[in-house]
Every structure is written in C-alpha cells, then in structure tokens.
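Since every read-out is calculated from the coordinates, none of them should be taken as a lab result. The shown structure was predicted, so the numbers you read here are calculated from the model rather than taken from an experiment. FYI the Cβ positions are ideal-geometry reconstructions off the backbone, even for glycines, and counts take in every protein chain you see.
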C-alpha cells in the first residue's frame, strides 16, 4: 500500500475539491457496474454511495432499485449541495444519523482516502447487521498514489483490511469494471459480514 502524504487536512480537502471541480462532468461509474452492485443486495431499502461527484451512481442505482428505496450520495465538495439526493460530507467522518442504517454501501472512491483504516471503519459502521459493502478498486495504471488519488492498494491488501473488520470479499462476485465515458478499469469487490 502506498499513501500520498498531505501537509495537513486542508491540503487534502483542497486537492479533492479542486479535482471535483476539474472533473465534475466526468462519469467514472458505469451502468454495468451498478447492475452488479444491485445484484449484490437486490432487496436493499437504503443505499449510501460515497464520493459521487456528479451523482451518476445515484441515478443508475435509483433506476435499478426503483421507488421506495432511499439512495443518497456524498462528496467532500460543495458541489454536492447542487445535486439531487447528495450531501456535502467527508466520507472519513462519522455521521451519527447514518450509523448502522444502510443495507448497501457503494464507492469507487476508496482510492481518494487519506486514511483508509479510518475510512473503512466509518463505512462498515454505516452498514446494518446484514449490510453489504461494494467497493470498486482501481487496477493497472489507475492504481497509483497521487495528490488527487492518494491511496494505492492491492486487492490482497484490501481483503486483509476487510477481514480484520469481520467482513470477507466474495471471490465469486469479483467483477472487472470499465467506465462508460472515460477509459479506466477497476475491480468491483463485494464484502459481507463473516
């Protein structure tokens, strides 16, 4: 694991907000990936997506889950305030209203974490007892530690992190992902409580 070192929290936040503004119209999540996320927990009634930038994940998942399912997203940037069903929030931080609430949590932004241990603790804490964690990890040239994407992490390192927290990656559900618009490749992981 490699982790970019920021001067301080304000440096991290500014880097993330600047990246959000620069790439706001870019869509990294694909409809196909969202279909696999939906299949991991098709009976979910509450879904949380972290690092949503422009809300594309929310739109895809709302369509797949249908009416009556709450799908909300977060982004650290103030732009979240202008996107339906999004909240301006740093995904490392605990929101007491979300603790133990969600059936499903999805993110393709784990590589944006400056503190992956705290981040994962927070995310798992937001899941209810039967909650499913769907994290899209970057692979290949996209898996690099930079100021914009500070965390470089292998699948094996991720597996160890979730297992230390009482979850296990379901090997049968690993899925290679591709972006709808921008050329990138990732790997969707689905983890369930052991």
_With an 8 Å Cα cut-off and a minimum separation of 6 or more residues, compute the relative contact order for the range 73-174 in percent._
22 percent
*Stretched out fully, how many nm does the piece from residue 160 to residue 22 gain, at 0.36 nm a residue minus the Cα gap?*
46.3 nm
*Most fluctuating residue of 41, 14, 152 in a GNM of the chain with Cα springs under 10 Å: which is it?*
14
*Taking the chain and dividing mean pair separation by its residue count, relative contact order in percent (alpha carbons under 8 Å, at least six apart)*: 24 percent
*Which FRET efficiency value, to the nearest 0.05, do you get for residue 14 and residue 84 by plugging their Cβ-Cβ distance into 1/(1 + (r/R0)^6) with R0 = 30 Å?*
0.70
*What is the calculated FRET efficiency for residue 171 to residue 95, with r their C-beta to C-beta distance and R₀ = 30 Å, to the nearest 0.05?*
0.45
*By per-residue mean of other Cβ atoms within 10 Å, what is the highest-first order of 155-165, 72-82?*
72-82, 155-165
*With Rg and Dmax of the Cα atoms in Å in mind, check [x] 18.6, 70; [y] 23.4, 73; [z] 15.1, 44 and report the label derived from this structure.*
[z]
*So in the chain, what percent of DSSP beta bridges are antiparallel if you round to the nearest 5?*
50 percent
